[in-house]
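Asks: One structure follows; several queries about it will come next.
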Amino acid sequence: MAESTMTRGTVRLVMGALLVAMLLASVDQTIVATGLPTIVGEFQRADRYAWVITAYLLAETAFTPIFGKAGDLYGRKRVLQVAVVVFLVGSVLCALADSMGQLVAFRGVQGAGAGGILAATLGVVADLFPPRERGRYQGAYVSVFALAAILGPPLGGFFVDGPGWRWAFWVTAVIGIVVLALVGALLRLPATPRPAAIDWWGAMLLVSGVATLILVLTFGGRELRWVSAGMLALAALSVLLLTGFVLRQRTFVEPVLPPALFADRVIATSFALAFVIGAVMLGALAFLPQFLQLAQGMSARDAGLAMVPVLGGALVTSTVVGRLIRRWGRYRRFVIVGMTALATGVLVLSTVDATTAYGTLVVPLVLLGVGVGMSTPALFIAAAHAADGPHVGVASAAISFFRALGGAVGAAGFGAVLVARLQVRLAEQIPGFSGDVNDIIEVPRHVAALPAAIRDGVRDAYAASLRDALLVATPIAVGGWLLSWWLRDVDLGAAPTGTSGDTDPTRTTKSSVTTRSDTR
């Protein structure tokens with residue numbers, strides 16, 4: 001294929017488009033959360049309330065490594081375009097849905113496309129820049145994730161209160177079309193060296209295995225008792241499917257998750273740390289806004305905005321870490337410091353009670369953001385550098401996969417602890433209590449309507465139960481900190497030319513990036 005040149009300005013424009021795509025995929029995880037009561041009222045299906053979000057997260061998690069592997073085999077640009085198209089189709093179908101069942105199904109389509117966007121964009125960074133230069137852009141991705149977590153609910157509220165919830169999907173589709181056009185016209189990547197068939201049987205085993213695992217974690221203690229025939233059957237099916245996936249990966253020529261990745265100390269440790277970060281971070285953030293609504297009397301919007309310190313910590317540190325990794329060519333120290341901050345933040349949060357003022361929570365929330373902002377870019381760089389070559393795309397995607405899987409496990413696991421402890425605490429605080437614990441957790445505003453004595457008892461019980469859940473998260477975070485010392489440090493190569501570490505990574509001879517053109 002002919003040589004092609006991407007100028008510095010073109011690279012920046014492409015990276016901007018990719019960041020917007022990442023923002024769309026991340027925001028859509030939670031943008032409908034604020035509008036769910038309105039959607040439920042329109043379709044009259046309260047029993048599928050949570051599935052509008054769960055279907056998206058489930059599909060996103062399961063399809064991320066599949067798209068990552070496809071990018072390694074067929075070219076990142078082609079796979080990114082397919083992922084954006086799938087996401088757009090899902091968005092349009094969601095906007096046109098006329099039943100809750102359709103909306104849940106179409107959210108799954110949207111989530112599959114989002115998983116592809118996350119996987120392909122991370123691979124694009126690995127294709128465009130050498131290891132030492134990747135930190136700045138992967139730090140920007142972390143900032144996008146944090147920004148999306150804060151923007152999602154308020155944006156959803158804007159559409160619900162204004163033009164209607166369907167417009168959240170129409171606007172997403174329009175912006176996605178612009179991203180697709182920019183990627184198609186401007187992105188040029190190295191030619192794919194090894195066209196081959198993807199392991200579709202392995203992909204199906206992975207998708208179905210992860211789906212059933214997340215169903216186990218979602219249903220456990222809520223829709224189904226942990227020890228029940230249905231739950232045991234679902235858990236057994238998940239184990240069977242995932243075992244089949246592992247065995248399949250050991251025999252297929254081009255596995256979805258190559259076993260060789262897990263044999264590499266740097267990559268395997270990075271995967272494990274990504275899982276811990278997801279479990280601790282998302283597990284904690286899943287219930288802190290509810291605590292603020294119950295104990296502090298905040299509105300849902302204010303409780304969401306109260307998480308801004310997490311965003312601030314992640315934004316600042318991810319940007320700084322990217323530049324420092326570029327200057328020093330090392331990543332391990334940032335993972336260790338980040339895991340220290342994460343463990344410290346969770347430990348402090350585990351001391352909360354119903355009287356804890358919000359101001360007291362600001363510092364540990366910032367520490368959570370600092371932990372994620374410092375560790376995550378470094379883990380992406382470590383895994384991609386160790387796998388540099390034929391598996392760089394799937395290694396980068398697997399970091400996102402394990403972080404998302406950790407988040408699902410953390411949110412469900414800590415949620416199960418919270419529900420179990422809340423049942424006990426409520427019986428202690430309010431003798432004869434017979435209410436629905438899940439109703440208190442899912443709809444905090446119901447507590448405000450209770451008589452004062454009962455309301456105070458519920459708040460005390462919830463705060464104590466949250467403390468119990470965070471005490472479970474603390475040793476997991478400490479375990480992650482200990483594991484971070486096991487991460488091997490690798491020199492990322494020669495320092496970039498220039499007078500400082502802040503030089504533009506796209507600045508090369510004649511201010512261009514030259515690659516083998518891949519227009520597929």
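The values are calculated or read from the model by the stated rules, or taken from the named source; none is laboratory data. Computed from a prediction, not measured in an experiment: that's the story for all the values here. Heads up, the Cβs are rebuilt from the backbone with ideal geometry, glycines too, and the neighbour counts pull from every protein chain shown.
Asks: Could you grab the pairs with beta carbons closer than 8 Å, sequence gap of 6+ or different chains, first residue in the stretch 206-227 and not assigned by TED's automatic domain parsing to the domain that holds Q423, second one among the aromatic types (F, W, Y)?
Replies: L206/F245; V207/F63; G209/F245; G220/W226
Asks: Is it the case that L347 is assigned to a helix (DSSP H, G or I) and outside the structural domain of A404 (by TED's automatic domain parsing)? Before the answer, list the steps.
Replies: Values: assigned to a helix (DSSP H, G or I): yes; outside the structural domain of A404 (by TED's automatic domain parsing): no.
No; evaluated as a whole, the condition is false for this residue.
Asks: Would a scan of the stretch 484-495 turn up a residue that is within 20 Å of A274 (Cβ to Cβ) and modelled with pLDDT under 80? Write out each step before concluding.
Replies: Taking the stretch 484-495 first, the residues within 20 Å of A274 (Cβ to Cβ) are 484-490, 492.
Retained after the next criterion (residues that are modelled with pLDDT under 80): 490, 492.
Within the stretch 484-495, one or more residues are within 20 Å of A274 (Cβ to Cβ) and modelled with pLDDT under 80.
Asks: Any idea which of A274, A279, A268 is at pLDDT 85 or above and surrounded by fewer than 17 Cβ atoms within 10 Å (Cβ to Cβ)? Reasoning before the result, please.
Replies: Working: A274 fails: surrounded by fewer than 17 Cβ atoms within 10 Å (Cβ to Cβ); A279 fails: surrounded by fewer than 17 Cβ atoms within 10 Å (Cβ to Cβ).
So the residue among A274, A279, A268 that is at pLDDT 85 or above and surrounded by fewer than 17 Cβ atoms within 10 Å (Cβ to Cβ) is A268.
Asks: Now for a separate question. If we scan the stretch 376-395, do we find a residue that is surrounded by fewer than 24 Cβ atoms within 10 Å (Cβ to Cβ), within 16 Å of V478 (Cβ to Cβ) and not assigned by TED's automatic domain parsing to the domain that holds I66?
Replies: no
Asks: Take the conditions at pLDDT below 85 and outside any helix (DSSP H, G or I) and apply them to G389. Does it pass?
Replies: Details: at pLDDT below 85: yes; outside any helix (DSSP H, G or I): yes.
Here the answer is yes, as G389 does meet what is asked.
Asks: A further question on this structure: Inspect all residues belonging to the stretch 241-258 and state whether any of them is at pLDDT below 85, surrounded by 19 or more Cβ atoms within 10 Å (Cβ to Cβ), of a type in the set (V, I, T) and over 25 Å from I476 (Cα atoms).
Replies: Checked against the condition, which is being at pLDDT below 85, surrounded by 19 or more Cβ atoms within 10 Å (Cβ to Cβ), of a type in the set (V, I, T) and over 25 Å from I476 (Cα atoms), the stretch 241-258 yields at least one hit.
Asks: Mind checking whether some residue in the stretch 143-165 is modelled with pLDDT of 80 or more and under 27 Å from V256 (Cα atoms)?
Replies: No, there is no match, as no residue in the stretch 143-165 is modelled with pLDDT of 80 or more and under 27 Å from V256 (Cα atoms).
Asks: T340: at pLDDT 90 or above and out of contact with any Gly (no Cβ under 7 Å at 6 or more places or on another chain), yes or no? Even if it seems obvious, please write down each step before you answer.
Replies: On the way: at pLDDT 90 or above: yes; out of contact with any Gly (no Cβ under 7 Å at 6 or more places or on another chain): yes.
So T340 passes the test.
Asks: Looking at (1) assigned to a helix (DSSP H, G or I); (2) touching a strand residue (DSSP E or B) at 6+ places or on another chain (Cβ under 8 Å), can you tell me which one L189 breaks?
Replies: If we test L189 against (1) assigned to a helix (DSSP H, G or I); (2) touching a strand residue (DSSP E or B) at 6+ places or on another chain (Cβ under 8 Å), just (1) comes out false.
Asks: Does G176 satisfy the condition of being modelled with pLDDT under 85 and either assigned to a helix (DSSP H, G or I) or on the phi > 0 side of the Ramachandran plot (or both)?
Replies: The answer is no for G176.
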